[in-house]
Amino acid sequence: MTSSSDRSQAVDVQEPKTYEVRTYGCQMNVHDSERLSGLLEGAGYVRAPEGSDGDADVVVFNTCAVRENADNRLYGNLGRLAPMKTKRPGMQIAVGGCLAQKDRDTIVKKAPWVDVVFGTHNIGKLPVLLERARVQEEAQVEIAESLEAFPSTLPTRRESAYAAWVSISVGCNNTCTFCIVPALRGKEKDRRTGDILAEIEALVGEGVSEITLLGQNVNAYGSDIGDREAFSKLLRACGQIEGLERVRFTSPHPRDFTDDVIAAMAETPNVMPQLHMPLQSGSDPVLKAMRRSYRQDRYLGIIEKVRAAIPHAAITTDIIVGFPGETEEDFEQTMHVAREARFSAAFTFQYSKRPGTPAATMENQVPKEVVQARYERLVALQEQISWDENKKQVGRTLELMVAEGEGRKDGATHRLSGRAPDNRLVHFTKPDQEVRPGDVVTVEVTYAAPHHLLAEGAVLDVRRTRAGDAWEKRNTAEAPKPAGVMLGLPKIGAPEPLPVATCSGCGCD
């Protein structure tokens, strides 16, 4: 017989509230969004089904302030959600990230239907702020001026079962004239080495086999704790972790790229032969105007040392075209460095003003048509270099970590995709036996395109891994649940090269 209290409890049972996180900007934001997801799930929310497009109980925007027209994009998206919120009582909208840190009260003035605004330093407060906004029935704006707790102490809902981001620092001490990140993320704060290694060991215990060390200026790690060789020591310590197969890091600064780091990369087997090192410009006068603390000779010298120590290293970069005052001669120096460095890929951006940065008010802004013409010339040069460098891979036998969601045409071509040790994307013939993301296959490269390689022959070997087991376990467990909402950039390593973009990326790297 059912008691009255039992009946009352049955009536009170409600479906769990759903959430969606929309992410813009850099890898730091992607990882922060994993934490936001972890916080919300810890508070009892569940992820909205894929493609819900705002049809969730809580929609969170994790914003970027360095993209061109970032604020217009945000307010446009908020505007599209306003009628949905009107029709859905109890729906909440939260805005966080760099633009929230920058604009603060402006957001609720322009979009009064927003419930919560939080900054880069207090993402852990999101569930509390949502509840406070619900109870008080008014918007909650809380922006901390300094880091309240290192974000890695927060719960995290990681996007990948086999690869993970690991933050080693937050903030940046550089003062690049095109970048507003230090003003929004604060001064560099390093995490304790023991805490970093403990997190990595825990991730490996869960099945993760590849980690990417993450920082706004990752190889400056140690400046906050007074050890100039702390980053190279950290790389070597990662080499001692059993079960950790691949270690990457992003993004380093040429100023802090010392010989001990190169030696650690070369001598630590699980540190991958890959380096993403932003150039920004090949012109010494432009680098000075950017307040970049290196010059062309220094940059090319690092490339030469890396290639001597790690002959098969793939080196990628970031380049800004059309920085204020850039002359044709300055641009030719950038073209010269591209020819000399022979990057496997370059993320090339047209300069655009970012409000709040010194460069936005500099004289001699380069006309748009000039910037566009230079950009196209650089892209054409780099496309050819990337293709030539990829052709050198034909005939090589490579071990690939099978990837998830990186081969858009895999279904039609009956192929799978994976990442080589140097992070090149390789599409390979699907073998007869089961292969899961996180497993490792051995293939021979048969064809090269500018941005990917093909291995059209039979797979030479398949190695099932604990990472593959972890992927299978997660997907088996989640099969009955709604598909997760992707956070925008859940890939380990460098994104696809040469995006058509109008900014220099996020961070002082």
Next item on the list: Would you mind telling me which numbered condition in (1) more than 30 Å from Leu234 (Cβ to Cβ); (2) in contact (Cβ under 8 Å) with a residue 24 or more places away in the chain Asp318 fails?
Entry: (1)
Next item on the list: Would you confirm whether any residue within region 134-141 is within 25 Å of Cys172 (Cα to Cα), out of contact with any Gly (no Cβ under 6 Å at 6 or more places or on another chain) and not in a loop (DSSP other than H, G, I, E, B)?
Entry: yes
Item checked: Residues satisfying the stated conditions in region 78-91, i.e. open to solvent by 10 Å² or more (accessible area, probe 1.4 Å) and either closer than 24 Å to Met28 by Cα or in a helix (DSSP H, G or I) (or both) -> Gly79, Arg80, Ala82, Pro83, Met84, Lys85, Thr86, Lys87
Next item on the list: Identify the single condition in (1) in contact (Cβ under 8 Å) with a residue 60 or more places away in the chain; (2) at positive phi; (3) under 21 Å from the mean Cα position of the chain (by Cα) that Gly171 does not satisfy, given that it satisfies every other one.
Entry: (1)
Check: Of all residues in region 36-76, which are modelled with pLDDT under 85 and among the basic types (Lys, Arg)?
Finding: Arg67, Arg73
Next item on the list: Give just the number: which of (1) of a type outside the set (A, V, I, L, M); (2) closer than 20 Å to Arg157 by Cβ; (3) in contact with a helix residue (DSSP H, G or I) (Cβ under 9 Å, 6 or more places away or on another chain) does Glu50 not satisfy?
Entry: (3)
Next item on the list: Scan region 441-456 for residues that are β-branched (Val, Ile, Thr), part of a loop (DSSP other than H, G, I, E, B) and surrounded by fewer than 21 Cβ atoms within 10 Å (Cβ to Cβ) and report the count.
Entry: 1
Notebook entry, point to check: Can you tell me which of Ala501, Ala479, Ala458 is at pLDDT 60 or above and of a type outside the set (Ser, Thr, Tyr)?
Noted result: Ala458
Item checked: Unmet requirement for Asn364, which otherwise passes all of (1) within 30 Å of Cys64 (Cα to Cα); (2) surrounded by 18 or more Cβ atoms within 10 Å (Cβ to Cβ) -> (2)
Check: Given the conditions (1) in a strand (DSSP E or B); (2) out of contact with any Phe, Trp or Tyr (no Cβ under 7 Å at 6 or more places or on another chain); (3) open to solvent by 10 Å² or more (accessible area, probe 1.4 Å), and given that Tyr75 satisfies all but one, which numbered condition is not satisfied?
Finding: (1)
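The values are calculated or read from the model by the stated rules, or taken from the named source; none is laboratory data. These numbers come from a predicted model, not from an experiment. Reconstructed Cβ throughout: ideal geometry from the backbone, glycine too, with neighbour counts over all protein chains shown. Ligands, DNA and RNA are excluded from the accessible area calculation, which covers all protein heavy atoms including side chains. Shrake-Rupley method; radii C 1.70, N 1.55, O 1.52, S 1.80 Å.
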